[in-house]
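What follows is a set of notes on a single structure, which appears directly below.
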Amino acid sequence: MVLFRKIIRQHCVVAIGFLAPSVIGFSIFYLIPFAMGVRYSLMNRSNGGSFVGLANYKELLASDSFLKAAKNTFLFTSVSVPITIALSLLLALLLNQSIYFRNWLRTAYVLPLVLPVTSVVLIWQVLFDWNGAVNSWLHELGVSRIDWMKSEWARGVLSIVYAWKNIGYNIILFLAGLQNIPKDYYETAELEGAGAIRKFTRITLVYLTPKMFFVVLMGLISSFRIFRETYLIAGDYPHDSIYMLQHYMNNMFLSLDIQKLTSAAVIMVICLIVLVTGMFTLERRFTSDLD
């Protein structure tokens, strides 16, 4: 018994030694700054301020610019993420078949993952600029030019950029899930007279459930990080339809309004935690049903 405890203690020391760098780095760069941000959001100013409770949050929720940013972020996430996931699954199903140019297509969809964001944005600027390629094609067809990034079309352009940037990663995950489904299930279903739709709903979707939850979770998180692309394409103050939460926080940082900045950051983190917790709860429920 004493020897067993000694071995356990040695293993604990080794485990702590391996975990310590990650825990220290996470605490310094994430946990401690977030705790300081929560503290600042409850003060009336950063240095020598006094505790004001939820006053900063009430002022934030009464701000038209914050509400507009929150609404745009919600609309973008609720539209772009489902469309991107549906396209990713469709393309993964096609690439999982023996089709011509399959390997070339797989490479083409993975390319956006390895390209720098600035290069990606440059491509889309060339396409959707006032004098860009898309407007040139429209002009040749006799259609009036569209100011894509300064009109309601901006949200659509941003959704296309988001889908193009993230679709390759989703395809890789879906392909991994599809290739792990035993072929015997499909052969048995065919013998029982099941059609393509029934096999898709009863076999493919059921066994892709764990991958689907992970893809949805990563899609939700990445949709909150669309600020890079939006900022590089449209600048500090884009069209109202693509003014996101991170635009608001970036502008508060530039104006040194730390209280609004930290309050908005805390609200966004709480929303993400609620979404992630809900996704994990649903995943556990569906996984238990599968077992």
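The values are calculated or read from the model by the stated rules, or taken from the named source; none is laboratory data. Just so we're clear, the structure is a prediction, and the values are computed from it rather than from any experiment. Neighbour counts are summed over all protein chains in view; Cβ atoms, including those assigned to glycine, are modelled from backbone coordinates with ideal geometry. Protein only, heavy atoms only, side chains kept; ligands, DNA and RNA dropped before computing areas. Shrake-Rupley method; radii C 1.70, N 1.55, O 1.52, S 1.80 Å.
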Q. Which ones in the range 232-291 are more than 19 Å from the chain's Cα centre (by Cα) and not in a helix (DSSP H, G or I)?
A. Gly235, Asp236, Tyr237, Pro238, His239, Ser255, Leu256, Asp257, Asp291
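One line per residue, one yes/no per condition, for (1) at pLDDT 85 or above; (2) in a helix (DSSP H, G or I); (3) acidic (Asp, Glu); (4) open to solvent by 40 Å² or more (accessible area, probe 1.4 Å):
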site: Tyr162; (1), (2), (3), (4): yes, yes, no, no
site: Gly168; (1), (2), (3), (4): no, yes, no, no
site: Ile171; (1), (2), (3), (4): yes, yes, no, no
site: Phe174; (1), (2), (3), (4): yes, yes, no, no
site: Glu187; (1), (2), (3), (4): no, yes, yes, yes
site: Ala194; (1), (2), (3), (4): no, no, no, no
site: Thr201; (1), (2), (3), (4): no, yes, no, yes
site: Val206; (1), (2), (3), (4): no, yes, no, yes
Q.
Could you check the range 218-231 and list, in sequence order, the residues that are of a type outside the set (D, E, K, R), in a helix (DSSP H, G or I) and touching a residue at least 40 places away in the same chain (Cβ under 8 Å)?
A. Met218, Gly219, Leu220, Ile221, Ser222, Ser223, Thr230
Q.
Testing Ile270 on (1) of a type in the set (A, V, I, L, M); (2) in contact (Cβ under 8 Å) with a residue 24 or more places away in the chain; (3) within 14 Å of Tyr57 (Cβ to Cβ), one condition comes back false. Which one is that?
A. (2)
Q) Which of (1) more than 18 Å from Ile172 (Cα to Cα); (2) part of a loop (DSSP other than H, G, I, E, B); (3) modelled with pLDDT of 75 or more does Ser46 not meet, given it meets every other one? A) (3)
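Counting only residues that are of a type in the set (A, V, I, L, M, F, W, C) and surrounded by 15 or more Cβ atoms within 10 Å (Cβ to Cβ), which one in the range 124-145 is nearest to the chain's Cα centre (by Cα)?
Trp124
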